[in-house]
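All remarks here apply to the structure that follows.
What follows is calculated from the coordinates using simple rules that are stated; it is not laboratory data. Note that the structure is a prediction, hence the values are computed from the model and not measured. So basically every Cβ, Gly included, is an ideal-geometry build from the backbone, and we count neighbours across all protein chains shown.
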Number of protein chains: 2
Amino acid sequence: MIDISAHGLSPGELLARRLATASAPYRARPEELGVFGPTTHLGAGGEIIPAGRGPGAPKLLVSGVAGEVRALGDGRRQILRLRLPGDLLYACDYEAVVALGRAHVADARPFLQALNDPGAPAGLRRAWLALGQADQDMLRDQLVRLGRMTASERVAHFLLETHHRLGHLGLTDGDTFHLPATQEVLSDLIGLSVVHLNRTLQALRRSELISLRNGRVEVLQREALIDLCDWRPVGPPSPAATSEAEVAGA
Amino acid sequence: MIDISAHGLSPGELLARRLATASAPYRARPEELGVFGPTTHLGAGGEIIPAGRGPGAPKLLVSGVAGEVRALGDGRRQILRLRLPGDLLYACDYEAVVALGRAHVADARPFLQALNDPGAPAGLRRAWLALGQADQDMLRDQLVRLGRMTASERVAHFLLETHHRLGHLGLTDGDTFHLPATQEVLSDLIGLSVVHLNRTLQALRRSELISLRNGRVEVLQREALIDLCDWRPVGPPSPAATSEAEVAGA
DNA sequence: CGCTCATTTGATTGTTATCAAAAGAAGTGG
DNA sequence: CCACTTCTTTTGATAACAATCAAATGAGCG
């Protein structure tokens, strides 16, 4: 299985893949995307961008998973959204951006400079805007998950979304993907208690809709999962999505 | 009480007020903000911008309240966020923007043209960006409300936020404001059933933290409400906020 | 007045959180 | 390689919270 905390892709290659699978796709040559410096390594809980210190340097998440974490005084916390490799991490006013496991980040300023260069291709800008739009749309999906979905719907919806996102990066292996996050992290992401998330996962496993252990997730019955939570992809379909759907539906 | 469905402000005046109370305030002369055409009137449920028809003309919400509504097939729906006068309404991919009561909207293209004019003052652009940032921040607050707050916390947090937003527009009357939305709408906004919202409101009334009837909301014990849900204002403090806080705390 | 829509109430069920503890995995240092 | 610690997952029992169903009351409107 592809380990998303330690895949072998360079920052430029990652970004190129994202841009190529945006809803306004753009095939970038590596040198268009700026020259990235060395990547920094962080352990679980490492603060990538601290909260509320104004706009620092945006970072590119190269490997691993991260999240924007809001703490609520008493123990509660909400992870606003899951950030995956290829995502750009900006400073937030009230949330720290935190590595949810081992992660690598790179300074994203070279890329942003390349993007804002007057000579940058229009297609590149369009693709970037399309990715930003997809990000917004996923945030809306997250609102609906938290506001109106039951526990099993939330889990199904979240897993389908994550599979889809990783598929765009070529980081899935058919219906299987790597999700290096503890159940505690996932529970804070989708607004459930750890215990209840655990039981919900077990129920989905018993129904043979998914399989999950050790951060390895397999979507066993795609169509059934989609029916369960009424998921629909944000942005363009995943590269291998149609064939997968046919197999799952057969 | 000021009726936000029928206040007397012109589009330009509304926008000027918002810009003047952004975290990067800008005092606009009316003619800088473009020439608005006539406003359109809508009744409750009127579709201001239909879902998923690509980017149409953005509208300025002049009076009344609106919301981005996601329907879930079975009866469930989630209103992603509440839009108030002075908000710009854009097309969404999966949500319709709907008037939640009587509302007036105006074509916002003249304003956007004025904003994008190369000769537009830098301060105007900065203020506009600051408003956009505040919008993002409120969306994040909404995520936390839905994901991690109890019913009474959600209600308290939402009411404080709304009071704050209307305060910036000069549409509050001290601790009182007008919120022309049914409990059903509010319940879909903060992710509760109507019945439970109703009971939660009653509890808050019994505790004399708020008073609410006929769309007239009064914040009776501001400090206590803030303590209850750990609310903090997005963007700059409301024009009258400090003095109000002193009174409430006394 | 009679209609419709919104709010409120009561009773009940279902879902999810919480508490406490056991079992299992994974890393650490000897 | 093992003993130890620590973190994560799992289980059970219980309580709190919120949804649902059904119906009554109240408010606004033609």
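Numerical summary
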quantity: Calculated label separations, B:Asp135, copies of the chain, 7 Å along the beta-carbon direction, nm; calculated: 1.6
quantity: The range B:11-249 - Debye-derived log10 I(q)/I(0), Cα point model, q = 0.11 Å⁻¹; calculated: -0.57
quantity: In nm, spacing of pseudo-spin labels at A:Thr150 and A:Arg76 (7 Å Cα→C-beta vector); calculated: 2.3
quantity: Neighbour-count ranking [beta-carbon atoms within 10 angstrom, fewest first] of A:Tyr94, A:Tyr26, B:Tyr90; calculated: B:Tyr90, A:Tyr94, A:Tyr26
quantity: Expected 222 nm ellipticity per residue - DSSP helices of 4 or more, -39500 (n - 2.57), all of the protein assembly as shown, to 500; calculated: -12500 deg cm²/dmol
quantity: For the axis carrying chain A to chain B: nearest C-beta residue of A, whole Å; calculated: A:Leu146, 2
quantity: Crossing angle, helix B:194-206 versus chain B [Cα axis fit, 0-90 degrees, rounded to tens]; calculated: 70
quantity: For the range A:150-161, Karplus couplings with θ = phi - 60° (6.51, -1.76, 1.60), whole Hz, Gly/Pro x; calculated: 6, 4, 5, 5, 4, 5, 4, 4, 5, 5, 5, 4
quantity: More than 19 angstrom apart: percent of Cα pairs within the range A:127-250; calculated: 46
quantity: Exercise: per-residue mean of other protein chain Cβ atoms within 10 Å, B:143-153; calculated: 6
quantity: Rg to Rh quotient for the protein assembly as shown, alpha carbon positions, Kirkwood Rh; calculated: 0.96
quantity: Calculated FRET value between A:Val194 and B:Arg53, using beta carbons and R₀ = 56 Å, to 0.05; calculated: 0.85
quantity: Debye log10 I(q)/I(0) for the range B:109-188, one point scatterer per Cα, at q = 0.14, 0.26, 0.27 Å⁻¹; calculated: -0.66, -1.24, -1.27
quantity: Centroid-to-centroid separation of the range B:23-51 and the range A:1-57 [C-alpha atoms, Å]; calculated: 38
quantity: Scaled radius of gyration (Cα, divided by 2.2 N^0.38 Å) that the range B:1-52 gives; calculated: 1.41
